[in-house]
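Colleague: Let me give you the structure first, and then I'll get to my questions.
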Amino acid sequence: MTEKPVINFGLEGIYVDESAISKVDGQNGKLWYRGYTIEDLAANSDFEEVSYLLLYGKLPNKTEFEEFNRKLKDRREVPKEVLEVIRQMARTSHPMDVMRTAASMLAMYDKDLNNKDREATIDKVITLISKLSSIAAATGRFREGRDYIPPDKTLGHSANFLYMLTGKKPSKTEEKLIDLMFILHAEHSTNASTFSVLVTASTLADIYAATTTGIGTLKGPLHGGADEAALKMMQAIGHPDNTEKYIEDALEGKQRIMGFGHRVYKVYDPRAKIVRKYLEDQMNNNPTEEVKKLLQIALRAEKLMIEKLGKNKGIWPNIDFFSGPLYRSLGIEGEMFTPIFVASRMSGWGSHVVEYWNNNKLFRPLEFYNGPLDVPYVPLNKR
Ligand SMILES: CC(C)(COP(=O)(O)OP(=O)(O)OC[C@H]1O[C@@H](n2cnc3c(N)ncnc32)[C@H](O)[C@@H]1OP(=O)(O)O)[C@@H](O)C(=O)NCCC(=O)NCCS
């Protein structure tokens, strides 16, 4: 019998790659994209610039930025066959299933599908960043039986997304809020979905295959799906005065509180801090009764969770916890949260693929076999 090796379940604590794209400091609650702090980027940059930074490793100059923006704007349209599939699926399927299918379909329009040169890959990623936002917006429209709204080139990337989803041109504040969410979700090192994107890319499958894998992985409630699940919990709590009892009962029943805990952050997620601050500012901006109630529930849940699990177990709010009230303040429904995560994270996924293909190595970990060997075969009629 072979001796059982040390197994790091869930690859916890295992380095699988090296990267210059982002750094997550889980002990001190810090995050950098290409060396820039997330706080600095959230306050001063926009999603287009952040995407350029992630992909190319530097901030663009004016000409580079204009060229990059032009490509993003020119590619926003969703091909009509894809729109038709979105329309058919959107009424009955979860938007993440629609996104996954539509992303996969985009491969059929790429005449140079298997070109993996750096520039060709970056170009495909730009197409995906551009189109996944429109696909998410179209999915949201069709879900509610509404018409597709074509993109508007006068609007920036995130503002255009909100316009295509809601049909209303966003105010400056709304534009800042949606862009902030795009920036904060753009990249986060080798988490489950980025890792799965890289596993697919490492087989030298195409970027659309890798993206489709990433969307499938992001869907789960332990990863990207936690934002929708956290909102559902707040809605189930219903009234701020029910918060403490709901959380205590859930913990008593060994349930997980969505939007809390993280494999790497053992302190407050810096992205959650930023969302929380913007949300608090929104409270002075005449929010709807719904948003007011959600934020009160969120703040009471946060306080109790930190008392119970924060300091002693290192379980703190993550970005998904406060996202719900913020998205609701923009009129976005819960099922659309994770598709927005996809549309933003495409920048990070794509940047990782570009970097990984520089020095590709097939992912093939080991598994310790713990079953029997040499079992005698018994024919069907003798069993
Ligand atoms: C993200 C997550 C999967 C990371 O967990 P992990 O590093 O794999 O840690 P584990 O799942 O082993 O959990 C460790 C302990 O903390 C507890 N725990 C972790 N997250 C918890 C949560 N959100 N609520 C309650 N308890 C939690 C576990 O029950 C476990 O307790 P135990 O030691 O008594 O069994 C986990 O924190 C979680 O499920 N969070 C909720 C989903 C979420 O918000 N995901 C988005 C992440 S950005």
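The values are calculated or read from the model by the stated rules, or taken from the named source; none is laboratory data. Here the structure is a predicted model, which means the values were calculated and not measured. Quick reminder, even Gly has a Cβ in these numbers, built from the backbone with ideal geometry, and neighbours come from all protein chains shown.
Colleague: Assuming Arg271 fulfils every condition listed in (1) more than 27 Å from Pro95 (Cβ to Cβ); (2) within 11 Å of the ligand (Cβ to nearest atom); (3) modelled with pLDDT of 95 or more apart from one, which condition is it?
Modeller: Arg271 satisfies all of (1) more than 27 Å from Pro95 (Cβ to Cβ); (2) within 11 Å of the ligand (Cβ to nearest atom); (3) modelled with pLDDT of 95 or more except (1).
Colleague: Please verify whether region 192-205 includes one or more residues that are in contact with a His (Cβ under 9 Å, 6 or more places away or on another chain), closer than 26 Å to Pro325 by Cβ and either touching a residue at least 12 places away in the same chain (Cβ under 8 Å) or part of a helix (DSSP H, G or I) (or both).
Modeller: Taking every residue of region 192-205 in turn, at least one turns out to be in contact with a His (Cβ under 9 Å, 6 or more places away or on another chain), closer than 26 Å to Pro325 by Cβ and either touching a residue at least 12 places away in the same chain (Cβ under 8 Å) or part of a helix (DSSP H, G or I) (or both).
Colleague: Quick test for you: out of Glu302, Glu280, pick the one residue that is of a type in the set (Asp, Glu) and closer than 29 Å to Lys254 by Cβ.
Modeller: Checking each option against the conditions leaves just Glu302.
Colleague: Follow-up question, since we're still on this one. Count, please, the residues in region 37-46 that happen to be farther than 14 Å from Arg271 by Cβ and either without any contact (Cβ under 8 Å) to a residue 60 or more places away in the chain or not polar (S, T, N, Q) (or both).
Modeller: Our first condition is that a residue be farther than 14 Å from Arg271 by Cβ; within region 37-46, this holds for 44-46.
After this cut, where a residue has to be either without any contact (Cβ under 8 Å) to a residue 60 or more places away in the chain or not polar (S, T, N, Q) (or both) as well, the list is 44, 46.
Here the count works out to 2.
Colleague: Next up: Checking the condition out of contact with any helix residue (DSSP H, G or I) (no Cβ under 6 Å at 6 or more places or on another chain) and closer than 26 Å to Glu48 by Cβ, which residue from Lys245, Lys273 passes? Break it down into steps so the answer makes sense when it comes.
Modeller: Numbers: Lys245 fails: closer than 26 Å to Glu48 by Cβ.
Every option except Lys273 fails the conditions.
Results for (1) modelled with pLDDT under 95; (2) within 14 Å of the ligand (Cβ to nearest atom), shown as yes or no for each residue.
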residue: Glu175; (1), (2): no, no
residue: Phe182; (1), (2): no, no
residue: His185; (1), (2): no, yes
residue: Leu204; (1), (2): no, no
residue: Leu222; (1), (2): yes, yes
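Colleague: To continue, here is another question. Of the residues Ile332, Ile306, Ile340, which single one is over 22 Å from the mean Cα position of the chain (by Cα) and among the β-branched types (Val, Ile, Thr)?
Modeller: Working: Ile332 fails: over 22 Å from the mean Cα position of the chain (by Cα); Ile340 fails: over 22 Å from the mean Cα position of the chain (by Cα).
When all the criteria are applied, what remains is Ile306.
Colleague: Moving on. Can you pull out the residues in region 155-191 that are part of a loop (DSSP other than H, G, I, E, B) and under 18 Å from Val50 (Cβ atoms)? It would help to see each step written out before you state the result.
Modeller: Quick first cut of region 155-191, residues part of a loop (DSSP other than H, G, I, E, B) only: 155-156, 167-171, 186-191.
Hits for region 155-191 are Leu155, Gly156, Ala186, Glu187, His188, Ser189, Asn191.
Colleague: When you go through (1) out of contact with any strand residue (DSSP E or B) (no Cβ under 9 Å at 6 or more places or on another chain); (2) buried (at least 19 other Cβ atoms within 10 Å of the Cβ); (3) modelled with pLDDT under 95 one by one for Phe341, which number turns out not to apply?
Modeller: (3)
Colleague: Filter region 224-250 down to residues that are near the ligand (Cβ under 9 Å from one of its atoms) and not hydrophobic (A, V, I, L, M, F, W, C) and give me whichever is nearest to Leu198 (Cα to Cα).
Modeller: First, pick out the residues of region 224-250 that are near the ligand (Cβ under 9 Å from one of its atoms): 224-227, 229-230, 250.
From what is left, the residues that are not hydrophobic (A, V, I, L, M, F, W, C) are 224-225, 227.
Values: Gly224: 17, Gly225: 20, Asp227: 24 Å.
Looking at residues that are near the ligand (Cβ under 9 Å from one of its atoms) and not hydrophobic (A, V, I, L, M, F, W, C), I get Gly224.
Colleague: Next question. Residues Lys313, Lys277, Lys303: which one is surrounded by fewer than 22 Cβ atoms within 10 Å (Cβ to Cβ) and within 9 Å of the ligand (Cβ to nearest atom)? Before the answer, list the steps.
Modeller: Working: Lys277 fails: within 9 Å of the ligand (Cβ to nearest atom); Lys303 fails: within 9 Å of the ligand (Cβ to nearest atom).
The unique qualifying residue is Lys313.
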